[in-house]
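Worksheet: the structure to be examined is printed underneath.
The values are calculated or read from the model by the stated rules, or taken from the named source; none is laboratory data. Note that the structure is a prediction, hence the values are computed from the model and not measured. Cβ sites come from the backbone with ideal geometry, for glycine too, and all protein chains shown count toward neighbours.
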Amino acid sequence: MPHHADSEKIAKALATLDIHNYGDVLQCMRCGTCLPTCPTYRTDGIETQSPRGRVAMIKAVIDGRLPASEEFVEHMYHCLDCRNCQTVCPAGVKVGELVVEARHRIEENSPQALLKRFMLQYAVRSQKRLSHYLVPVRLYQYLGLQWLVRKSQILQLISSDLDFMEALLQPLPLRPLTSMIPEEIPAVGKEKGRVGFFLGCAMNLMFADVSRDTITLLTRAGYTVVVPRGQQCCGAPNIAEGERAVYREMAEHHVNLFEGKEVEAIVTDCAACGAELKAYRETLGKQGRVAEKASAFSAKVRDISEFLAIALGDDIKLGAIPEVVCFHDPCHLRHGQKLIFPQRDLLHRIPGLTYREIPDDGQCCGSAGIYNVTHRERSMKILEAKITAIGKTGARTVITSNPGCLLQLYYGKKRWNQTWNVSHISQVLRLSLDLGNQGTNR
Ligand code: SF4
Ligand code: SF4
């Protein structure tokens with residue numbers, strides 16, 4: 001969140017906002033349907049922390065009734081962009097997208113912190129580069145320093161922010177997945193088709209085993225998997241932070257990278273990446289030269305659940321997992337991609353598995369990119385509500401499909417001493433597949 005923002009410039013930039021792109025700010029009829037769905041309104045109970053309040057504030061700045069003060073800027077960064085409100089709004093007001101657009105105007109007219117510029121304009125352009133930056137973290141974990149630091153609780157004395165970020169860390173794989181797999185992995189048995197795989201940065205660098213399971217699911221389902229080299233970040237962090245120029249370059253890069261690979265779908269096991277890749281058709285859609293290619297690219301993007309719900313044929317035998325589970329919907333999946341049923345459908349197909357809904361109508365877990373770091377207190381309140389809701393299901397395993405949610409849930413489990421496990425849906429399906437194929441080659 002930028003400080004010393006130029007209030008006048010921001011107000012002017014907001015005044016040029018094409019509000020028709022966002023369900024029209026003026027269409028908000030102040031009905032309040034969105035209020036109970038908004039995580040910040042649920043925790044704070046005040047209007048400025050509600051979708052309706054955010055729309056009213058933006059409109060007031062556009063109309064010149066409210067200065068684009070530091071307080072206004074701060075409010076724009078309190079929204080998690082979870083888009084829960086967009087799912088229920090009867091007038092189609094896209095509050096999350098509107099807030100992100102306001103952030104973009106703010107960022108364009110504010111001095112940028114050096115570290116932020118470095119991360120969003122340089123680091124995210126190469127997964128190899130990101131992997132190199134993680135070498136000290138890997139050494140820290142593999143040389144036993146992490147054990148020492150955690151045991152001594154020394155970080156609590158130095159910085160509570162650092163202590164929190166350290167606690168979020170999961171054991172990193174020694175190498176990123178890209179360095180362990182070929183560019184093309186053949187289908188097992190008779191090939192049914194070819195798919196591209198978009199390997200997100202966090203999956204590649206932190207959850208390599210999970211994405212390996214995803215690829216195994218695809219190959220065993222009969223698909224040859226193509227993982228083009230040279231993938232960058234999908235651009236989700238840039239969009240969330242209001243950065244557009246580098247985002248567009250990365251989007252265009254991916255559209256070109258997958259072109260000519262002769263794949264019928266581009267699959268991802270990261271909900272945030274999936275939502276962003278599907279949005280390329282809108283972001284690049286107005287630039288004539290690449291518009292058509294971007295549209296064709298986005299039309300092929302599938303979340304792993306979305307793809308497998310159709311591609312996993314009756315010939316694939318799933319083995320029994322006699323366990324009670326629940327599914328935490330990543331906002332990028334439920335609200336960003338409007339996908340609710342494929343993941344549940346797949347879980348219902350696993351013999352012996354008992355599925356229970358988390359009774360909170362798909363609330364965010366509070367991770368929201370780096371929201372848990374930038375707005376820790378607020379994020380923890382939201383996470384605590386999620387942990388309580390999960391507890392009501394009696395589940396032994398909490399399943400999800402987004403790296404940010406995985407990290408947040410692992411943290412929540414530890415902090416509130418929960419006994420359930422956390423799994424990505426690919427891990428659960430892979431286990432079931434292995435159990436179903438014991439004694440066969442597939
Ligand atoms: S549900 Fe939509 S129209 Fe109703 S108050 Fe919220 S944003 Fe406005
Ligand atoms: S996007 Fe989420 S946090 Fe933001 S206003 Fe809507 S419901 Fe609230």
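Restricting attention to helices (runs of 4 or more DSSP H) lying wholly within the stretch 289-384, give those where 2 or more residues are within 14 Å of ligand 2 (Cβ to nearest atom) and modelled with pLDDT of 95 or more.
Working: elements: 304-311, 331-334, 341-348, 371-374.
Output list reads 331-334.
Being within 16 Å of ligand 1 (Cβ to nearest atom), part of a helix (DSSP H, G or I) and either more than 25 Å from Val373 (Cα to Cα) or within 22 Å of the chain's Cα centre (by Cα) (or both): is that true of Gly92 here? Step through it out loud before you land on a result.
Values: within 16 Å of ligand 1 (Cβ to nearest atom): yes; part of a helix (DSSP H, G or I): no; either more than 25 Å from Val373 (Cα to Cα) or within 22 Å of the chain's Cα centre (by Cα) (or both): yes.
Here the answer is no, as Gly92 does not meet what is asked.
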Which count do you get for residues in the stretch 47-81 that are assigned to a loop (DSSP other than H, G, I, E, B), surrounded by fewer than 19 Cβ atoms within 10 Å (Cβ to Cβ) and more than 27 Å from the chain's Cα centre (by Cα)? 6
Given (1) over 24 Å from Cys201 (Cβ atoms); (2) part of a helix (DSSP H, G or I); (3) more than 16 Å from ligand 2 (Cβ to nearest atom); (4) in contact (Cβ under 8 Å) with a residue 40 or more places away in the chain, number of the condition Glu107 does not satisfy: (1)
Within the group Gly242, Gly274, Gly235, which residue is at positive phi, modelled with pLDDT of 90 or more and within 21 Å of the chain's Cα centre (by Cα)? Gly235
Can you tell me which condition Lys338 does not meet? The list is (1) under 16 Å from the mean Cα position of the chain (by Cα); (2) surrounded by 15 or more Cβ atoms within 10 Å (Cβ to Cβ), and all the others hold. (2)
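What residue, of Gln408, Gln343, is touching a strand residue (DSSP E or B) at 6+ places or on another chain (Cβ under 7 Å) and polar (S, T, N, Q)?
Working: Gln408 fails: touching a strand residue (DSSP E or B) at 6+ places or on another chain (Cβ under 7 Å).
Going through Gln408, Gln343 in turn, the sole match is Gln343.
Among residues belonging to the stretch 26-41 that are buried (at least 19 other Cβ atoms within 10 Å of the Cβ) and more than 9 Å from ligand 1 (Cβ to nearest atom), point out the one that is nearest to the chain's Cα centre (by Cα).
So in the stretch 26-41, the residues buried (at least 19 other Cβ atoms within 10 Å of the Cβ) come out as 28, 34, 37-41.
Narrowing the set further to residues that are more than 9 Å from ligand 1 (Cβ to nearest atom) leaves 39-41.
Numbers: Pro39: 16, Thr40: 18, Tyr41: 21 Å.
Once the filter is applied, the top-ranked residue is Pro39.
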Can you find even one residue in the stretch 113-123 that is over 22 Å from the mean Cα position of the chain (by Cα) and touching a residue at least 40 places away in the same chain (Cβ under 8 Å)? yes
Of everything in the stretch 396-436 that's over 17 Å from Phe307 (Cβ atoms) and among the small types (Gly, Ala, Ser), which residue is modelled with the lowest pLDDT? Gly436
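Have a look at Thr268, Thr283 and point out the one that is more than 20 Å from Leu218 (Cα to Cα), assigned by TED's automatic domain parsing to the domain that holds Gly200 and among the β-branched types (Val, Ile, Thr).
Numbers: Thr268 fails: more than 20 Å from Leu218 (Cα to Cα).
After ruling out the rest, the residue left standing is Thr283.
Only one of these is in contact (Cβ under 8 Å) with a residue 12 or more places away in the chain and more than 22 Å from Glu282 (Cα to Cα): Thr87, Thr37. Name it.
Values: Thr87 fails: more than 22 Å from Glu282 (Cα to Cα).
One residue alone meets the criteria, Thr37.
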What are the residues in the stretch 25-53 that are within 10 Å of ligand 2 (Cβ to nearest atom) and of a type in the set (Gly, Ala, Ser), if any? Ser50, Gly53
Mind listing just one residue for me: the one in the stretch 82-104 that is surrounded by fewer than 19 Cβ atoms within 10 Å (Cβ to Cβ) and near ligand 2 (Cβ under 10 Å from one of its atoms) and, of those, farthest from Thr37 (Cα to Cα)? Glu97
Looking at Leu312, is it of a type outside the set (Val, Ile, Thr), more than 13 Å from Ile350 (Cβ to Cβ) and out of contact with any Lys or Arg (no Cβ under 6 Å at 6 or more places or on another chain)? no
Regarding Lys286, is this residue in a loop (DSSP other than H, G, I, E, B) and under 28 Å from Arg117 (Cα atoms)? yes
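Pick out the one residue from Leu217, Leu162, Leu155 that is part of a helix (DSSP H, G or I), buried (at least 16 other Cβ atoms within 10 Å of the Cβ) and outside the structural domain of Asn256 (by TED's automatic domain parsing). It would help to see each step written out before you state the result.
On the way: Leu217 fails: outside the structural domain of Asn256 (by TED's automatic domain parsing); Leu162 fails: buried (at least 16 other Cβ atoms within 10 Å of the Cβ).
Criteria check complete, one pass: Leu155.
Restricting attention to the stretch 386-420, and to residues there that are polar (S, T, N, Q) and over 23 Å from Ile340 (Cβ atoms), which single residue is surrounded by the most Cβ atoms within 10 Å (Cβ to Cβ)?
Gln418
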